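Quick notes on the structure that follows.
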Amino acid sequence: SSGINAEYGGTPSLFWDLEGWETRYPGYDDPPYTNADLIHAVTPDVKIIAIFRNPTERLLSEYIYFWKSDKMGMETRTPDTFHLDVLRETRKFNRCLENRPFRHCCFTNDHSLRLRVALGIYICYAKDWAEVFKENLLVLTMEEYHDKPVKTLLKVYNHIGLYEPNLDDLVDFLQTAKTQNSNLDRKGQFGPMLEETKQLLDDFYKPYNAALSEFFGDSKFLFM
C-alpha cells in the first residue's frame with residue numbers, strides 16, 4: 001500500500017458548467033471565476049484528471065445518449081435531425097463570436113441542451129484549469145486510453161501518487177471490466193453520422209483542437 005487515503009469524484013460537468021454566472025457576476029462579459037478557482041480555494045493540492053474525446057464523436061455520442069432518456073419520450077432522432085441541429089448550433093456559436101468574447105460564448109447559458117457544441121471546445125475550459133492547477137492537472141484522451149490502456153492507467157497512478165499495481169492484475173482487470181454507458185444499442189438504431197455532418201463538425205472544431213494541441217504541446221489533441 002502507498003499509505004495514501006484517497007478520495008475521488010468524477011463529475012464531468014464541473015469542468016464546464018457555470019450555470020447562473022451571468023447573474024452572479026453582472027457586468028462581466030465572461031466569468032471572472034470558474035469551478036477550477038473554487039475547488040482550488042478549498043483543496044489546493046487536489047489532483048485533477050481530464051479525459052477528452054474527439055469532439056465530433058463526443059457530440060454524436062451525447063446526442064444519442066440523451067435520446068434514450070425518458071424525458072425525451074418518443075422523439076425521433078436520426079442522422080438527418082443531427083445534421084440540422086449541428087447546422088443550427090454551430091451557426092449560433094459563430095454568431096455569438098461576432099459580438100461577444102470567446103469565453104462568454106463557451107460559458108453562456110444560452111446553449112441548446114439538445115446539442116451542446118461548445119462542450120467540445122476543450123481549450124476554452126482547459127486553460128482555466130491548467131492555469132490554476134498547473135502540474136496537478138493531467139490531461140488524457142479517450143483515444144490513448146483505448147489504444148494503450150495499461151500505459152495510460154500507469155500515468156494516472158503516478159499522477160495521483162498511488163503505488164504501481166501488479167501489471168498482470170491490471171491487464172486482467174482491463175480484459176474483464178465491463179464498459180459503462182457504451183450506448184451500443186442506441187448507436188445501432190441511430191446509424192452512422194452523415195459524412196457532410198462529420199466534415200462540418202471536424203472543420204468547426206479544427207482550430208480549437210489546434211489551439212489545445214499548441215497549449216499542451218501535444219499533437220494527440222488534434223484528434224487526427
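The values are calculated or read from the model by the stated rules, or taken from the named source; none is laboratory data. Not measured: the values here are computed from a predicted model. So basically every Cβ, Gly included, is an ideal-geometry build from the backbone, and we count neighbours across all protein chains shown. Accessible surface areas use protein heavy atoms only, side chains included; no ligands, DNA or RNA. Shrake-Rupley method; radii C 1.70, N 1.55, O 1.52, S 1.80 Å.
Results, tabulated for the structure shown:
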item: Residues within the stretch 170-201 that are in a helix (DSSP H, G or I), out of contact with any Pro (no Cβ under 6 Å at 6 or more places or on another chain) and either open to solvent by 50 Å² or more (accessible area, probe 1.4 Å) or at pLDDT below 95 (or both), tallied; result: 17
item: Failed item in (1) open to solvent by less than 40 Å² (accessible area, probe 1.4 Å); (2) without any contact (Cβ under 8 Å) to a residue 12 or more places away in the chain, with Glu135 passing the rest; result: (1)
item: Qualifying positions in the stretch 77-114 - closer than 26 Å to Pro31 by Cα and of a type in the set (Lys, Arg); result: Arg88, Arg91, Lys92, Arg95, Arg100, Arg103, Arg114
item: The stretch 37-56, residues that are farther than 18 Å from Glu144 by Cβ, touching a helix residue (DSSP H, G or I) at 6+ places or on another chain (Cβ under 8 Å) and assigned to a loop (DSSP other than H, G, I, E, B); result: Asp45, Val46, Lys47
item: Within the stretch 13-32, tally of residues that are touching a residue at least 12 places away in the same chain (Cβ under 8 Å), part of a loop (DSSP other than H, G, I, E, B) and either closer than 15 Å to Trp129 by Cβ or not charged (D, E, K, R) (or both); result: 5
item: Whichever residue in the stretch 77-93 is in contact with a Phe, Trp or Tyr (Cβ under 8 Å, 6 or more places away or on another chain) and open to solvent by 20 Å² or more (accessible area, probe 1.4 Å) and, among such residues, is modelled with the lowest pLDDT; result: Thr78
item: The stretch 36-56, subset touching a Leu at 6+ places or on another chain (Cβ under 9 Å) and farther than 18 Å from Phe107 by Cβ, residue least open to solvent (accessible area, probe 1.4 Å); result: Thr56
item: The one condition in (1) more than 29 Å from Phe66 (Cα to Cα); (2) in a helix (DSSP H, G or I) that Leu162 fails to fulfil; result: (2)
item: Any chance Ser112 is assigned to a loop (DSSP other than H, G, I, E, B), of a type in the set (Ser, Thr, Tyr) and closer than 25 Å to Asp203 by Cβ; result: yes
item: Residue within the stretch 143-161 that is touching a residue at least 40 places away in the same chain (Cβ under 8 Å) and open to solvent by 100 Å² or more (accessible area, probe 1.4 Å) present; result: no
item: Cβ pairs under 8 Å, 6+ apart, first in the stretch 111-128 and among the polar types (S, T, N, Q), second surrounded by fewer than 22 Cβ atoms within 10 Å (Cβ to Cβ); result: Ser112/Asp85; Ser112/Arg88; Ser112/Glu89; Ser112/Lys92
item: Neighbours by Cβ (under 8 Å, 6+ apart or cross-chain): first from the stretch 82-99, in contact (Cβ under 8 Å) with a residue 12 or more places away in the chain and over 15 Å from Ala118 (Cα atoms); second aliphatic (A, V, I, L, M) and not in a helix (DSSP H, G or I); result: Phe82/Leu115; Phe82/Met193; Phe82/Leu194; His83/Leu194
item: Subset of the stretch 18-35 [buried (at least 17 other Cβ atoms within 10 Å of the Cβ) and either small (Gly, Ala, Ser) or in contact with a helix residue (DSSP H, G or I) (Cβ under 7 Å, 6 or more places away or on another chain) (or both)]; result: Leu18, Trp21, Asp30, Pro31, Thr34, Asn35
